[in-house]
Amino acid sequence: MRAPNGQSLVVDGNSQPFIGGWAYLIWAHGPTEGIRFQVTPAGSAEIVSKQMGDWSRYTVREAQWNGGRLLSLEDPESGTNMVWVGPHNEISTFFTGTGVPFETFMDILAKFDIQDTPEGLTMLPRAGSGLTLANLLAVNTIDQVCNVQVKPLADASDSVPRAKGKRVRGGSMWRVDERDGAGAVQTRSAFMVNDTTATTVIAARPDDVRFIDVVESISCRLS
């Protein structure tokens, strides 16, 4: 799949399927501030909001722009989620407050060259925009087994343990257990590093053998 920064994310080796397409978080950094975007399959924001029971709380406004739909999902208690929904993927970001004009979101998106394809969406800063992309995070889930989070290695170099990890198909792996006061494992994850990515696999249940199978077989790479 194509990541928003133009890199290709190649994930293979997992015998159990992901629940759907990949979600990406990415930051656009400018001279004065940073903006966080979420890139997901088209329709995700609406589907997830309805599944979580949040949709009825929102004041929903809609417009058309750049070959897709613009949605404003206003929650008076938290703020406004603005979403551009393209043919294949969507881009969203959050604004504090309500009554945010669509033009505010349009002006931000206009600073990017957006290409939406079945293989993924790219949003590369246009020349003169003063923006750069960084802090990419790709996320997906294997239902009832684990959550998989992938970063470029350069964004996670400070987190790599000094001790030697176990060699698995996806790189070097370290197991990370978080325990309660009685010593029982509350959360179990695996941290894997290769020459392009740092991947965290978080188990839904610490003792699930299917989690071990994923950790030992999955490979995540960026190019």
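The values are calculated or read from the model by the stated rules, or taken from the named source; none is laboratory data. This one's a predicted model, so the numbers in the text were calculated from it and none came from an experiment. Reconstructed Cβ throughout: ideal geometry from the backbone, glycine too, with neighbour counts over all protein chains shown. The protein model used for the area step is the full one, side chains on, heavy atoms only, and it has no ligands, DNA or RNA in it. Shrake-Rupley method; radii C 1.70, N 1.55, O 1.52, S 1.80 Å.
Toward the positive end of the charge dipole of the chain, with +1 on the Cβ of Lys and Arg and -1 on the Cβ of Asp and Glu, the farthest Cα among Thr80, Ser172, Trp55 is that of Ser172.
How big is the shadow of the Cα convex hull of region 74-194, averaged over all directions, in nm²? Before the final figure, lay out the partial values.
Working: hull surface 49.5 nm².
Here the figure is 12.4 nm², rounded to one decimal.
Treating only the Cβ atoms of Lys and Arg (+1) and Asp and Glu (-1) as charged, compute the dipole magnitude of the chain about its Cα centre; round to the nearest 20 debye. Don't skip to the end; give the middle numbers.
On the way: 20 positive and 25 negative charges, 145 e Å.
With Lys and Arg at +1 and Asp and Glu at -1, about 700 debye.
Treating the beta-carbon of each Lys and Arg as +1 and of each Asp and Glu as -1, no other charges, what is the dipole magnitude of region 42-96 about its Cα centre, to the nearest 20 debye? Walk me through the numbers before you get to the answer.
Values: 4 positive and 7 negative charges, 26 e Å.
With only Lys, Arg, Asp and Glu charged at Cβ, the dipole is about 120 debye.
Keeping all protein chains in place, calculate the accessible area per residue for the chain (probe 1.4 angstrom), answer in Å². Mind showing how you got there, number by number?
Values: 11630 Å² over 223 residues.
Heavy-atom accessible area per residue stands at 52 Å².
Assuming R0 = 35 Å, can you tell me the calculated FRET efficiency for the pair Ser223 and Met52, based on Cβ-Cβ distance, to the nearest 0.05? Here the calculated transfer efficiency is 0.50. Translational diffusion of region 29-108 was estimated from the Stokes-Einstein equation, with Rh taken as the Kirkwood radius over Cα pairs; at 10 °C and 1.306 mPa s the coefficient is 122 µm²/s. Spin-label model, Lys166/Gln144: points 7 Å from Cα along the beta carbon direction are separated by 2.5 nm. Residue-wise HN-Hα couplings along region 77-91, as the Karplus relation 6.51 cos²θ - 1.76 cosθ + 1.60 with θ = phi - 60° gives them from phi, are 8, 10, x, 10, 9, 9, 9, 9, 10, x, x, 10, 9, 9, 10 Hz; Gly and Pro carry x.
What does the convex hull of the alpha-carbon atoms of region 133-223 project to on average, in nm²? Walk me through the numbers on the way to the answer.
Values: hull surface 26.4 nm².
Approximately 6.6 nm², given one-decimal rounding.
Farthest towards the positive end of the charge dipole of the chain, among the residues Thr187, Val10, Pro161, is the Cα of Pro161, using unit charges on the Cβ of Lys, Arg, Asp and Glu.
What is the Cα radius of gyration of the chain over 2.2 N^0.38 Å, N being its residue count? If you can, show how the numbers build up before the last one.
Numbers: Rg = 19.0 Å, N = 223, 2.2 N^0.38 = 17.2 Å.
Here the Cα radius of gyration is 1.11 times the empirical estimate.
When the expected Rg is taken as 2.2 N^0.38 Å, what fraction or multiple of it is the alpha-carbon Rg of region 1-72?
Values: Rg = 15.6 Å, N = 72, 2.2 N^0.38 = 11.2 Å.
Expressed relative to 2.2 N^0.38 Å, the Cα Rg reads 1.40.
Protein heavy-atom surface of the chain, 1.4 angstrom probe: 50% of the accessible area is carbon and sulfur, with nucleic acids and ligands not counted. Put simply, the amide H of Thr98, placed in the peptide plane, has no neighbours under 5 Å, leaving out anything fewer than 5 places away on its chain.
Once every DSSP H run of n ≥ 4 in the chain is given -39500 (n - 2.57) and the sum is divided by its residues, what mean residue ellipticity at 222 nm do you get, rounded to the nearest 500 deg cm²/dmol? Working shown, then result.
Details: 3 runs with 25 residues, N = 223.
Result for the chain: -3000 deg cm²/dmol, rounded to the nearest 500.
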